[in-house]
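> Sharing a structure with you now.
The values are calculated or read from the model by the stated rules, or taken from the named source; none is laboratory data. Since this is a predicted model, take the numbers as computed values, not measurements. Counting neighbours? That spans all protein chains shown, and the Cβs are built from the backbone with ideal geometry, glycine included.
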């Protein structure tokens, strides 16, 4: 056996071990599964980057698209393992026939997260500016800046100006009249 072949045989187990470790690292940092906003709303899905250190959601492309299309943003932050998120998503699915036409002025943006991602690890990026969740909340005038609540919905114009202070969490806007008031920006 040649010295080179012997060297390869010794390296192969190490390489296989590194491959297994790399695969495990990728599995641990892979984006969470779909938050599953109903497809009838044609959501623009934004997966987080930067995992596992932090989850950064980049709104840059969504804002550019909203400007091009002359739409507002309906930004939904849901967690794949959040039971309240599933309830809200089910509500949207069950009422899609009535609600979807009222979403026409909105680009629906689905930020897909996990309950493991807490406020100190969640970041929102717009262009070159990346802000921790609390700073993002303060920048839009949201009084809940110290607490991350799933699900959360924000309504913005195409320049990321907040259009309405939104309720968040369990029981949030789960009737058709409440959802329509929100979409019409009625306070």
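> When you scan segment 81-98, do you find a residue that is in contact with a strand residue (DSSP E or B) (Cβ under 6 Å, 6 or more places away or on another chain) and over 26 Å from residue 50 (Cβ atoms), even just one? Before the answer, list the steps.
In the first step, residues of segment 81-98 are kept if they are in contact with a strand residue (DSSP E or B) (Cβ under 6 Å, 6 or more places away or on another chain); the result is 85.
From the residues that got through so far, the ones that are over 26 Å from residue 50 (Cβ atoms) too are none.
No, segment 81-98 contains no residue that is in contact with a strand residue (DSSP E or B) (Cβ under 6 Å, 6 or more places away or on another chain) and over 26 Å from residue 50 (Cβ atoms).
> Looking at residue 149, is it assigned to a loop (DSSP other than H, G, I, E, B) and either within 25 Å of residue 185 (Cα to Cα) or touching a helix residue (DSSP H, G or I) at 6+ places or on another chain (Cβ under 6 Å) (or both)? Lay out the reasoning, then the answer.
On the way: assigned to a loop (DSSP other than H, G, I, E, B): yes; either within 25 Å of residue 185 (Cα to Cα) or touching a helix residue (DSSP H, G or I) at 6+ places or on another chain (Cβ under 6 Å) (or both): yes.
For residue 149, the condition - assigned to a loop (DSSP other than H, G, I, E, B) and either within 25 Å of residue 185 (Cα to Cα) or touching a helix residue (DSSP H, G or I) at 6+ places or on another chain (Cβ under 6 Å) (or both) - is met.
> Which condition number in (1) assigned to a helix (DSSP H, G or I); (2) without any contact (Cβ under 8 Å) to a residue 24 or more places away in the chain is the one that residue 98 fails?
Failed condition: (2).
> On to the next question. Yes or no: residue 99 in contact with a helix residue (DSSP H, G or I) (Cβ under 9 Å, 6 or more places away or on another chain) and surrounded by 22 or more Cβ atoms within 10 Å (Cβ to Cβ)?
So residue 99 does not fit the description; no.
> Here are 53, 62: which of them is in the same structural domain as residue 108 (by TED's automatic domain parsing) and modelled with pLDDT of 95 or more?
Numbers: 53 fails: modelled with pLDDT of 95 or more.
Of 53, 62, the one residue that is in the same structural domain as residue 108 (by TED's automatic domain parsing) and modelled with pLDDT of 95 or more is 62.
> Go through (1) exposed (fewer than 10 other Cβ atoms within 10 Å of the Cβ); (2) at pLDDT below 95 one by one and return the number of the condition residue 70 breaks.
Residue 70 satisfies every listed condition except (2).
> I'd like to check something: does segment 106-115 contain any residue that is out of contact with any strand residue (DSSP E or B) (no Cβ under 8 Å at 6 or more places or on another chain) and not in a strand (DSSP E or B)? Steps first, answer last, please.
Step one: filter segment 106-115 for residues out of contact with any strand residue (DSSP E or B) (no Cβ under 8 Å at 6 or more places or on another chain), giving none.
Looking through segment 106-115, none of the residues is out of contact with any strand residue (DSSP E or B) (no Cβ under 8 Å at 6 or more places or on another chain) and not in a strand (DSSP E or B).
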